[in-house]
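Enquirer: Below is one structure. I have some questions about it.
Where a number appears in this text, it was derived from the coordinates with a stated rule and is not lab data. This one's a predicted model, so the numbers in the text were calculated from it and none came from an experiment. Here Cβ is always computed from backbone atoms with ideal geometry, including for glycine, and neighbour counts include all displayed protein chains.
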Amino acid sequence: MTINQGPPLHAEAAMASSACVTGGNVIGACGCEKAHPEHPLGPLTADEIYRSSSLIRNAWPEGTGFTFKVVTLHEPAKSRLSPYLEAERVGKLPGHIDRRSFVVYYIKNTEKLHEAVVNLTQGRVEGNVRLGPNLHPNSDGEEILLVERACLEDLRVQAEIAKLELPDDAVIVLDPWIYGSDGVDDGVYSDKKRVWQCFMYMRDAKNSTEADSCHYSLPLPISPVVDGVTHKVIRVDILPTGLDNTVKPLEPWIPRDANEYIPETNDLRTDVKPLSVIQPDGVSFTVEKFSEMGHALKWQKWEFKVGFNQREGLVIYDVHYDGKPMFYRLSLSDMAIPYADPRHPFHKKQAFDLGDAGAGLMANNLKLGCDCLGSIYYLSGVLSDPNGLPQEMPNVICIHEVDNGIGWKHTNYRTNRAVVTRDRQLVVQQILTVSNYEYITAWYFNQAADIYYEVRATGILSTQPVDLGLTKAPHPYGTIVHPGVLAGHHQHFFSLRIDPMLAGRGNEVVYDEAVAMPPDDDENPYGVGYTLTTRRIESAGGYETASHRNRVFRITNPSVLNTVNGSPVGYKIQVPPMQPILAAKGSFHYKRAQFADKSIYVTKYRDNEYYAGGKYTNQSRGVDGVRAYAGRNESLEDGDPVVWVNFGINHIPRIEEFPVMPTETMRVGLRPFNFFERNPAIDVPQSRQEVNRSVGLNGVEGLRDGVSAMTVDGSCCAQSDSGRPETLARYFTAGQVWDLGTWRYGLKAWIVEWSLSASITPLVFLIVA
Ligand SMILES: [Cu+2]
């Protein structure tokens, strides 16, 4: 069905007025110009979400019910948006672009799935299509609760639970999982319909009223399967709990201890002193609205726009550095977590947390002093709920500065003068909770024109039951992290989508390899030489990093040459090493995780190709995604490549990762390569004690027992500047040193103030060396 003409609007709520913002700690000029709710990159407003769902409703007969899965910004075609942004930057009036939304919805309680594009400017549904078989959109909180309830109310499930003879006050907790795909359709087992596979747990029976009890430490061997349309239990799977795929009859529960992470259940250490981040003069960034829900950031020569949507959460647009175009669009495109256990039903466990759930929908409400330390500016979002109504998403993005150690340093050993700067970074962060797991994702911008994308995985391992008698035995498919608890092996794959515009349009992708020169009596007589080969990627495809050849991928602009060395300006990509997906090529894991086999994919830009795992990942069949895009083998001659950086870890769980996992950190780097004429951070002011106000602890009495309060009188940086030699510093740590410079015959002199302790009057020495 296609709807070409939508009905007139029923509701035309007034556009909320908007103004630019400066947070309490945000300094710098704010033009306080009128914000532009009509900006084509502005995330949908609450009003636009409401209008989108209303226009869809009005296109159907009265009384039709709907479940809205996605109502999000339909981003304009690059051919329209790119000139718009360029005109905007130079202060010209950009050409008008209609506002559009992209809507995915079910006719309620049916499997009739539709996607539509709504023209919000013209108030009509521009296109609507009923989607074919084997396409299933994301989950949402309301649906998950329905599935949980269906399991607990089902008589067959209750009968299986009864066989466990659980304690009277046992509380059952369920984790509904995306069913996955295996291609089976035999009447009992089928992945054709929208289905849920639920894993079952119990709260600690000794403390069953504690809603935050770690149920993952008490997994049960029962796994109901629920129809995603009728929300009825289809069947009840019993899980294998041994070393092989044998499924045993359920037996009475053997009581065991839980393993809790909440602080009130643990003895907390008492020797952690406060560590506060203070910026006494405020922060160095500004935040300004470019639309009602869109924000423009400026910090240390960086300028970019921040968006937020249901699928990707945080999106960075239109990145410039020192006025130069850098990146058109940056986002985490998707993630895939295939599990290794080959036994039914674990063989279907593969989560696509963006496509299956949504990084925006799962974004945490970030808290000052907990998630974010220091002077923080928060951005909020608004998404659609299943009824097509606006759902506030407060504080989903936090922005702040961090000190990342030394940025650059050199000490001239002849003069002992040290020149040193700190590496200040701007962090734009969001945190996702996807059922048991957390992902802390952040963009880091620094003063050397580098960008880093960081993922920290934390949260709780997805666990399954294992026989108590096997607790001390190695398990082929996971690690036993607690008596009766198996944490299965799995891989994490992330796909970062990089749409560049380095120094303007017409970018290309190349890779360098460092290769040894063959020994040659003339050219390489001592056999030590190596040189660099560079290859241009001419057509779309997937590539390995080949660490043994030091293969480095670069995005360049061949039409803009560096004035110093004549190289095309560019950025190199630092790609973390990644073991490709281990699932076999013919498996559904492999086919679905289209970005898990290569570290780099390069594709030709096409509108609306944002998702590495395909548009609909839930129970996907592996026909859509970046491997399919690259498979078109399109020429990249037109200079509009998109680079997909795939990275991750093979997660063999450790017992130390239970009951909650210390963060596991992964980082992708985008670093200028022959882009600038010199170190772009050369102009960063010196690190100075007068500004940094560090505290010298050496010689302070009572340090053994901790120092409760310190005065700011140490002077590490000031002394570095004065050229204080390390050999002297070893002996004169508590006082001041004045450098008198170099005298005749190369003799150097210092006046040194020294005291046995802070309470004794210091002595003054003249040192000549
Ligand atoms: Cu993991």
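Enquirer: Name the GluC sites (Glu not before Pro) in region 574-639 that are in a loop by DSSP and that have at most 12 other C-beta atoms within 10 Å, would you?
Expert: GLU637
Enquirer: If you wrap a convex hull around the alpha carbons of region 141-265, what volume per residue comes out, as a whole number of Å³?
Expert: Spread over its residues, the Cα hull of region 141-265 gives 133 Å³ apiece.
Enquirer: Please tell me the relative contact order of region 141-265 in percent, rounded to the nearest whole number, where contacts are Cα pairs under 8 Å and at least six residues apart.
Expert: 26
Enquirer: With contacts defined as alpha carbon pairs under 8 Å and 6 or more residues apart, what's the relative contact order of region 574-646 in percent?
Expert: Relative contact order for region 574-646 comes out at 38 percent.
Enquirer: Something else: Given 10 Å bins starting at zero, what is the percent of C-alpha pairs of region 351-497 in each, up to the one with the largest pair distance?
Expert: The percentages, shortest bin first, are 9, 26, 25, 20, 13, 5, 1, 0.
Enquirer: Let me see the pair-distance distribution of region 448-494: every alpha carbon pair, 5 Å bin width, integer percents in order.
Expert: Over region 448-494, the share of Cα pairs per 5 Å bin runs 5, 17, 23, 15, 11, 9, 6, 5, 4, 3, 2, 0 percent.
Enquirer: Here is a follow-up. Would you kindly calculate the mean projected area, averaged across all directions, of the convex hull enclosing the Cα atoms of region 602-704, in square nanometres?
Expert: 15.5
Enquirer: Okay, next question. Would you mind ranking SER559, SER462 by Cβ crowding within 10 Å, fewest neighbours first?
Expert: Lowest count first: SER559, SER462.
Enquirer: A further question follows. PRE reach from ASP322 (point 7 Å along Cα→Cβ): which of region 558-601 fall under 17 Å by backbone N?
Expert: So the set is 560-572.
Enquirer: Given labels modelled 7 Å from the Cα in the Cβ direction, how far is it in nm from ASN365 to VAL420?
Expert: 4.3
Enquirer: Contour minus end-to-end for ASP212 and ASP607, with contour as 0.36 nm per residue of separation and end-to-end as the Cα-Cα distance?
Expert: In short, 137.8 nm is gained.
Enquirer: Based on other C-beta atoms within 10 Å, arrange LEU582, LEU379, LEU135 from fewest to most.
Expert: LEU582, LEU135, LEU379
Enquirer: Compute from the Cα atoms of the chain the Rg and the Dmax, the latter being the longest Cα-Cα distance, and quote both in angstrom.
Expert: That works out to 29.7, 99 Å for Rg and Dmax.
Enquirer: For the pair LEU373 and ALA749, how long in nm is the line joining their label points, each one 7 Å along Cα→Cβ?
Expert: The answer from the label model is 4.6 nm.
Enquirer: Then there's this: Return the FRET efficiency for the residue pair VAL564, ARG536: r is the Cβ-Cβ distance, R0 is 25 Å, and the value is rounded to the nearest 0.05.
Expert: 0.70
Enquirer: Separate question: Report the chymotrypsin sites (Phe, Trp or Tyr not before Pro) located in region 393-450 that are in a DSSP loop and have at most 12 other Cβ atoms inside 10 Å of their Cβ, or state none.
Expert: TYR413
Enquirer: Can you tell me the convex hull volume per residue for region 422-566, based on C-alpha atoms, in Å³ to the nearest whole number?
Expert: Cα-based convex hull of region 422-566, divided per residue, equals 266 Å³.
Enquirer: For a quick check: sort ARG606, ARG627, ARG269, ARG554 by the number of other beta carbons within 10 angstrom, fewest at the front.
Expert: Placing the least packed residue first, the sequence is ARG269, ARG606, ARG554, ARG627.
Enquirer: Also, quick follow-up: Could you list the square roots of 5 times each eigenvalue of the Cα gyration tensor of region 248-309, that is, the equivalent ellipsoid semi-axes, sorted largest first and rounded to whole Å?
Expert: Result for region 248-309: semi-axes of 48, 26, 9 Å.
Enquirer: If r is the Cβ-Cβ distance from GLU677 to VAL277 and R0 is 35 Å, what FRET efficiency results, to the nearest 0.05?
Expert: That pair, GLU677 with VAL277, gives E of 0.55.
Enquirer: Send over the per residue convex hull volume for region 238-386, Cα only, as a whole number of Å³.
Expert: 231
Enquirer: Quick one: Cα centre-to-centre distance for region 230-277 and region 514-534, in angstrom?
Expert: The distance from the Cα centre of region 230-277 to that of region 514-534 comes to 57 Å.
Enquirer: From Cα pairs below 8 angstrom and at least 6 apart in sequence, can you work out the relative contact order of the chain, rounded to a whole percent?
Expert: The value is 12 percent.
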